[in-house]
Amino acid sequence: MKYIFVVGGVMSGVGKGVASASIGAILQSRGFKVTAIKVDPYVNVDAGTMNPVEHGEVFVLNDGTECDQDLGNYERFLGRDLTGANYMTTGSVYLSVINKERQLYYGGKCVEVVPHIPLEVIDRINRAAKLAGAEIVIVEIGGTVGEYQNILFLEAVRMLKLKDPKSVVLALISYLPFLSKDSELKTKPTQYAVRTLNSAGLQPDIIIARASVPIDQKRREKISFNCNIQTEDVISAPDAESIYDIPINFENNNISGRLLKKLNLRPRQKDLKEFRRLSREIHSSTKAVRIGVVGKYFGSGDFVLADSYISVIEAVKHAAYALKAKPLIEWVDAENPGDLNRYDGIIVPGGFGARGVEGKIKTIKYCRERKIPFFGLCYGMQLAIVELSRSRLGWKAANTVEVDPKTKYPVIDVMPEQKQKIAAKEMGGSMRLGAYPAKLHPGTIAYKAYGKKEISERHRHRYEVNPEYIADLQKAGAVFSGTSPDGRLMEIMELPKKVHPFFLGTQFHPEFTSNPMRPHPLFLEFVKALLNKRR
């Protein structure tokens, strides 16, 4: 087994996830079997109970694992589905070790933080790699070097590197600030990051130099000399117009050649043609479409946190690029939507809770009445049902039980089998999670988009369209074009095309399975509707 560990220095949010995904895509394009793992240093067992403003989007895998958004990057770049084995947290590692100790797995030994926690981490990495049949496993360690939280994961790297140094490469992603006053990229923070890494018994093999601009040869030589690595092992990583340009930028620095040499692997032919084609599509797109995303998870102090809806944003881009369009995505505050007529289309993504709900419902009504293309994802579909109930059926008090538990018309209600879990405050396990099958009905927008009768999509929700009101909703014009195989659960709701150019909502999250090489069919139909509106 060969291992590439990716760690961060200087500050967080410099693109470790995209860098890890890019390295995986590059090595995969060279013919190697690759998988990627995310290690998060928080004590939460998984990401399921965290607010998106706290840690960005919660991504969901086919097996129902609620995980970090970087797993989405891995799937999009590698073009394959991952499992819960590709994700671990400090909480899940400690929980596993404690459970093993209770089951006498350690045979009466004194179980200690070192070596047993790092050994558990190594076991999990190897297990994930074997499940994927990988030759190379890329492991991204969350946080930055020097933080107390990730020191035990760095210890796992040290133990593996000590055992077989030719099988382990450590890549440090470090930010080089650009001081406009001096017109210079500063390397000193990177030098300190490397020395902090040295204090954990580790020396980076590759330094990926993140900066707003490409680094020059002088900065390469300075990092090389002060950080004890070869000049060729300093990889320039400037800001890119699109994240899908990053694998190409990395390969222009011969990153795969340097990695394969250090891992003692024979080079294979290069083939990044899919990413090069995608890059050409992105940069040749000229037809602009303006899309408003109506949500409540944008605010982070005085700044906007787009990571809360990162998969939605990427899915829109995938579809737009495939149709030679340039997406102009703007954030719309759910509590104060403002002028919606300036958008070619509106997306109301998933969410939880009552805040901003009435603003979303007003937005949906505006889109329906003004025939603005509307795409509702999970909560977005549920609120579209509420809006139809109020406007078309005259049920002014209609609501989702999540917002109003005593509503006279509970058109969206919790699944009966989950009520006991919610009552017991077991919120982390009270949702329909992961991939579920659905059947599509001919003659609908959804059926035309997918081009088949049966699909499988990923879910993350507690509430459903209440079966008691389905007949009434159909009389109000709702077409349930996708249902569970037994017909009990409503998966897709739309209005006929003769009534509205595109008004569609999904109970599932189509954004989780969109891929830059294979855009999701519903996002493609949505963007097509925007382009038709512009003609």
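FYI, it's all coordinate maths here, none of it is from the lab. Because the structure is predicted, anything quoted here is derived from the model rather than measured. So basically every Cβ, Gly included, is an ideal-geometry build from the backbone, and we count neighbours across all protein chains shown.
Taking neighbour Cβ counts within 10 Å as the exposure measure, how do E330, E494 sort from fewest upward?
E330, E494
Taking R0 as 25 Å, what's the FRET efficiency between L95 and L162 from their Cβ-Cβ distance, rounded to 0.05?
0.40
Give me D339, D63, D46 sorted ascending by neighbouring Cβ count inside 10 Å, so fewest comes first.
With the sparsest Cβ surroundings first, the list reads D339, D63, D46.
If each residue of separation counts as 0.36 nm, what is the full-extension length gain between Y366 and E184 once their alpha-carbon separation is subtracted?
Extra length available between Y366 and E184 comes to 60.5 nm.
Rounded if a/c is under 1.5, else prolate if a/b beats b/c, else oblate: with a ≥ b ≥ c from the C-alpha gyration tensor eigenvalues square-rooted, which is region 382-508?
Oblate shape, in that a/c is at least 1.5 and b/c is the bigger or equal ratio.
I need to check one value: relative contact order of region 2-278, counting alpha carbon pairs closer than 8 Å and at least 6 residues apart, in percent.
RCO, region 2-278: 25 percent.
Given a Förster distance of 41 Å, report the FRET efficiency between A471 and R355 from their Cβ-Cβ distance, rounded to the nearest 0.05. If you can, show how the numbers build up before the last one.
On the way: r = 32 Å, r/R0 = 0.77.
Efficiency, rounded to the nearest 0.05: 0.80.
Looking at this model, which pairs from K270/K324; K218/K270; K33/K270; K317/K533; K326/K371; K296/K324 are more than 24 angstrom apart at the alpha-carbon?
Violating the 24 Å limit, Cα to Cα: K270/K324; K218/K270; K296/K324.
Please arrange Y175, Y192 by counting, for each residue, the other beta carbons lying within 10 Å of its beta carbon, fewest first.
Working: Y175 25, Y192 15.
Arranged by neighbour count, lowest to highest, Y175, Y192 become Y192, Y175.
Taking the Cα centre of region 334-391 as the origin and placing charges on Cβ (Lys, Arg +1; Asp, Glu -1), which of I346, P373, G356 is farthest toward the positive end of the dipole?
Farthest towards the positive end: P373.
For the chain, take N as its residue count and report Rg(C-alpha) divided by 2.2 N^0.38 Å.
Cα Rg divided by the expected 2.2 N^0.38 Å: 1.02.
Under 15 Å Cα to Cα from K273, which aspartates and glutamates show up? Leave out anything in the same chain fewer than 8 places away.
D245, E251, E281
Using only alpha carbons, build the gyration tensor for region 285-534 and give me the equivalent ellipsoid semi-axes, biggest first, whole Å.
Over the Cα atoms of region 285-534, the ellipsoid semi-axes are 26, 21, 19 Å.
Name the lysines eligible as straight-distance cross-link partners of K408: C-alpha to C-alpha under 18 Å, and not fewer than 8 places from it in the same chain.
Cross-link targets: K396.
Going by a ≥ b ≥ c, the root eigenvalues of the Cα gyration tensor, does region 329-457 fall in the rounded group (a/c under 1.5), the prolate group (a/b larger than b/c) or the oblate group? Before the final figure, lay out the partial values.
Numbers: a/c = 1.62, a/b = 1.12, b/c = 1.45.
Because a/c hits 1.5 or more and a/b fails to exceed b/c, region 329-457 counts as oblate.
Hey, what D do you get for region 88-133 in µm²/s if you plug the Kirkwood alpha-carbon radius into Stokes-Einstein at 37 °C and 0.692 mPa s? Kindly include the intermediate steps, with their values, before the conclusion.
Details: Rh = 11.1 Å.
Here the translational diffusion coefficient equals 294 µm²/s.
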